[in-house]
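Reading through the structure tokens given below for one structure.
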Amino acid sequence: MINQILLGLSNGAMYSLVAIGLVMMYKVSGVMNFAYGNMGMFVTYLVWWLTSVIGINLYISIVLGIIFAALMGISVERFGLRPIRHLSHGSMLIVTFGVLMILEGLAVQIWGTEYKAFPELITGTPLVFKGDFGIIVLRRQDLLVFVTLTTISILLLLFTKYTKFGIAVRAVSENEEVAGYMGINVGTVLSFSWAFGVSMAALVGFISAPKVFVSPLMLLFYQIQGFTAAVLGGFETFTGAVFGGLILGVLEKLVESYISEGFKASFSLAIIIVVLILFPKGLFGKTLRRRV
Amino acid sequence: MIWIILATLPFILIKNAFIITILSLVGVYALASLGLNIIMGYAGQISIGHAAFMSIGAYTSTLLSMKYNVPVTIGVIAGGLLAFLFGLLIGFPALRLSGFYLAIATMGFVVAVEQFIGALDHITGGHAGLRGIKFPYLFNSDVEKYLLVLAFLFVSYVLARRFVNSKTGRAWMAIRENETVASVVGVNPAKYKLLAFAFGSMLAGFAGGLYAHVTGFIAPSVFGLGKSLDLLAISVIGGMASLDGPFYGAIVYEALPFFFSRTNLSLSIVFGTILIFVVLFMPLGISFYISRLRFNYLNAIIAFLKKARKPYGRFIDTSFGKIHYIQHGNGRVPIILLHGNFASARFFEPFLKMLPKEFTAYAMDLPNFGFSDRLTSVTIDKYADVVNEFVDNLRLERFVLLGHSLGGSIAMAYAVKYPQRLIKLVLVDPGPIDGLFVPDEGIKLLQKYKYNPDLIRKSLMFNAPTFDDERLFEKVTSDALRIPKRAIREVAEALRTYNYSAQASNVNVPVDVIFGDKDIILSLWQMEKTAAAFPKGRLHVLKDVGHSPILEAPERVFQIILENL
């Protein structure tokens, strides 16, 4: 039972990472990025190609990948979304669908559909703890996920609370227009949010790749679970995203081990629906009043 | 008419089964994205699970017809209804909130449906899908499939058009523009969004059922997220918030593979690029360009066909060419009727039917209008001379002159020149005494009327809001199509350059100015000014009547004419 929960937490931490990226982009730019998973997928492919075809060291490739991801986020936001920013939200969503289709097509075109193996970032035997509570098995991979999530959460917290740029990010997400009047460069903040978000997608791609293998649809399920986690957390706060992901991971693991594995997607859909009915603002959201 | 052409199309192509099948698929995708267009284009909600509803429709109708031998049509309808129910189920929670929740829920839905149908392999055949779906036919299965698709498409199109042009459609568009404002003006956003979503899903259900029978093969993966995005792209490329857009989008979608079949380029890239390009640079989609083309060029064909060709009255020769007129009644008092802009003598037909017996009426087509001859460089004064010669040739000594709108301005010009011949001047919503200003931009638009019969008919109808015999408008429109394009500009310019304020004081006959208070061209103060300019001018304001009291309240007009005659 404890092991199940631990496994769930590890999955959930991945969902949290996905959700953090999504929430960052959504909070600042107001766009739900549906191309998120495919952006991560594409960068992962790139890193796989750099390491196994070109033969560059894995960690250098990862750094290059993250830089590429950031650039991709910035350019999609700058050239695809900003021109129609003040026209309609629907159109911006549609642009992300277009990006999704293009990236999927490109990946298939360049690298084909067969699954590629991605090297483990961290290897070693699982840590085993024995005690009067039973036996706990902790995989190194899980450890990596937890460490990444904790680091990023804490950094994000410090960043948004104590740095000038972090405060600017919060200001823009609160009210873009007023933030602009206060001398904040809104464009830079928008670019940053997308660079950060897509880098998170890439990170999720690297961490999950050894398990799910590199393929054009590798992150689709993570993306949906990330959405679910974000809905669960209320879409407005990073805290919500982190805990939403963790809760979702545990619940999903329990369903998987006690009911059936075939209904994972149906299950997360059910969660979305239940949350939307009972807690329309998510578990951690607050009610907003809007002016017209 | 276009539907009849579409229906005969397969019989022309009967040798070419492949093209008929492609056309059927175009119809299927047009149907599905018509539903999506209602959800996205009209109600402004983004759904990316549309293929899931196709899937539901496809499996329902297939299983019904394979296991229980239900007729195909009923199976498809059942599939649509089931999709409708699922639409309610998914839409209910997601649509209570605004924004992207529907997109997320539908994304989950499409993946869940794919997994779920794949998991139920003893009923649905699992991930491998169902093959060899039978289609009972009478003479030619491809043609019949096509006609079945077309029938569903036609009914859905008509339904959708009824919805969009009704109160429901207005509510959808209000929600799309601003949900909060819509709810303030009394639209229940949740209810209308749900209706749009469920209705759109139902169309997808139909499309799915038809797809199964057209292709004879379905699998869960056919209706995945990719197909949903394709449908979305069809909708956007064709043109959101248009009912004909899905057709163009579906044609592009079906035609693209043929163009790129040699280049080995993944279609998903091509389609995604087109999608982004359309959103950024031509957000109104193909249908906008097509409708502009129609407006500028294609409607001219209809205009040519509709143009009136058979004169219905008599001709009289003047130095301004032949004048066409109709005569009615044989009373002792002659009355000359002058019609307004874009009208003709026919405009007075209902009016003449109620003519009191003391009158003999002469309704003329002004030169450039109806069947009278063309006249270049027209002014209001010139028209007054035409009227003068007309009455001379008819040998009328004294008469009542009635002018409506443009005719009213001409009647004023006539009264100023030849006041002694008038018994009485009746101005029905006339051009004001000091001219009617028409901006240049307006003239350009008016010139478009020449090639757009629908616009003329609509503007005539707007100017007679309480009169509803559409046949009369049709007839007047066919006359109006005879107006030369140059004359439209000249008449509008003539209307803004005259001013009879000073000379009007010499007109010593009774002048009745009649004004309908729902007039959308003229306003009350202009009419007050006009009536005050004549020494014996009186203003009658008719309540709840538009620009054309002649059509809308003829008995009141006669009553006013008969007073102190």
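The values are calculated or read from the model by the stated rules, or taken from the named source; none is laboratory data. All figures in this text were calculated on a predicted structure; none of them were measured in a lab. All Cβ positions, glycine included, derive from the backbone under ideal geometry; neighbour counts span all protein chains shown.
For this structure, a couple of remarks:
- Count of residues meeting criterion [of a type in the set (K, R) and without any contact (Cβ under 8 Å) to a residue 60 or more places away in the chain] in segment B:321-376: 4
- Test: residue in segment A:237-256 that is free of Cβ contacts under 8 Å to residues at least 24 places away in the same chain, touching a helix residue (DSSP H, G or I) at 6+ places or on another chain (Cβ under 8 Å) and farther than 30 Å from A:E176 by Cα: yes
- Residue within segment B:56-72 that is touching a Leu at 6+ places or on another chain (Cβ under 7 Å), without any contact (Cβ under 8 Å) to a residue 24 or more places away in the chain and either charged (D, E, K, R) or not assigned by TED's automatic domain parsing to the domain that holds B:S221 (or both) present: no
- Qualifying residue in segment A:209-216 (condition: within 14 Å of chain B (Cβ to nearest Cβ) and either crowded, with 16+ Cβ neighbours inside 10 Å or over 30 Å from A:L276 (Cα atoms) (or both)): yes
- Between B:S24, B:S47, the distinction of being more than 27 Å from B:P10 (Cα to Cα), under 30 Å from the mean Cα position of the chain (by Cα) and of a type in the set (S, T, N, Q) belongs to B:S47 only.
- Of all residues in segment A:73-98, those being more than 7 Å from chain B (Cβ to nearest Cβ) and under 16 Å from B:T273 (Cα atoms) number 7.
- Scope segment A:266-285; condition within 7 Å of chain B (Cβ to nearest Cβ) and either of a type in the set (G, A, S) or outside any helix (DSSP H, G or I) (or both); matching residues: A:S266, A:S268, A:P280
- Considering the conditions (1) at pLDDT 80 or above; (2) within 12 Å of chain B (Cβ to nearest Cβ); (3) in a helix (DSSP H, G or I), A:G249 is excluded by exactly one of them, (2).
- Among the residues of segment A:252-265, just one is of a type in the set (S, T, N, Q) and modelled with pLDDT of 75 or more, namely A:S257.
- Residue pairs meeting the criteria (Cβ under 6 Å; at least 6 apart or on separate chains; first in contact (Cβ under 8 Å) with a residue 24 or more places away in the chain, in segment A:185-201; second assigned to a helix (DSSP H, G or I) and of a type in the set (F, W, Y)): A:A201/A:Y36
- Residues in segment B:294-320 that are touching a residue at least 12 places away in the same chain (Cβ under 8 Å) and of a type in the set (A, V, I, L, M) were compared, and the one that is farthest from B:V378 (Cα to Cα) is B:I302.
- Failed item in (1) more than 30 Å from B:I20 (Cβ to Cβ); (2) part of a loop (DSSP other than H, G, I, E, B), with B:F116 passing the rest: (2)
- For segment B:124-166, the set of residues classified as closer than 20 Å to B:S242 by Cβ, of a type outside the set (A, V, I, L, M) and without any contact (Cβ under 8 Å) to a residue 12 or more places away in the chain consists of B:R162, B:N165, B:S166, listed by residue number.
- Going through (1) facing chain A (nearest Cβ under 10 Å); (2) under 28 Å from B:F152 (Cα atoms); (3) among the β-branched types (V, I, T); (4) over 33 Å from the mean Cα position of the chain (by Cα) one by one, B:I269 falls short only on (2).
- Checked against (1) under 25 Å from A:G226 (Cα atoms); (2) among the hydrophobic types (A, V, I, L, M, F, W, C); (3) more than 9 Å from every other protein chain (Cβ to nearest Cβ), A:W49 passes all but a single condition, namely (1).
- Applying the condition of being in contact with an Asp or Glu (Cβ under 9 Å, 6 or more places away or on another chain) and not in a loop (DSSP other than H, G, I, E, B) to segment B:236-266 and asking which residue is surrounded by the most Cβ atoms within 10 Å (Cβ to Cβ) yields B:G238.
- Lone qualifier among A:G131, A:G73 - being under 29 Å from A:F243 (Cβ atoms) and over 21 Å from the mean Cα position of the chain (by Cα): A:G131
- From the options B:G118, B:G129, residue that is under 19 Å from B:K227 (Cα atoms), in contact with a helix residue (DSSP H, G or I) (Cβ under 8 Å, 6 or more places away or on another chain), at the interface with chain A (Cβ under 9 Å from one of its Cβ atoms) and small (G, A, S): B:G118
- Condition check for B:D392: out of contact with any Cys (no Cβ under 6 Å at 6 or more places or on another chain) and closer than 22 Å to B:Y449 by Cα: no
- Any hit, segment B:74-84, residues being crowded, with 20+ Cβ neighbours inside 10 Å and within 14 Å of chain A (Cβ to nearest Cβ): no
- Where helices (runs of 4 or more DSSP H) fall wholly inside segment B:167-234, the ranges with 3 or more residues that are in contact (Cβ under 8 Å) with a residue 40 or more places away in the chain are B:167-177, B:189-215.
- Checked against the criterion of being assigned to a loop (DSSP other than H, G, I, E, B) and either surrounded by 18 or more Cβ atoms within 10 Å (Cβ to Cβ) or not hydroxyl-bearing (S, T, Y) (or both), segment B:267-281 contains not a single residue that satisfies it.
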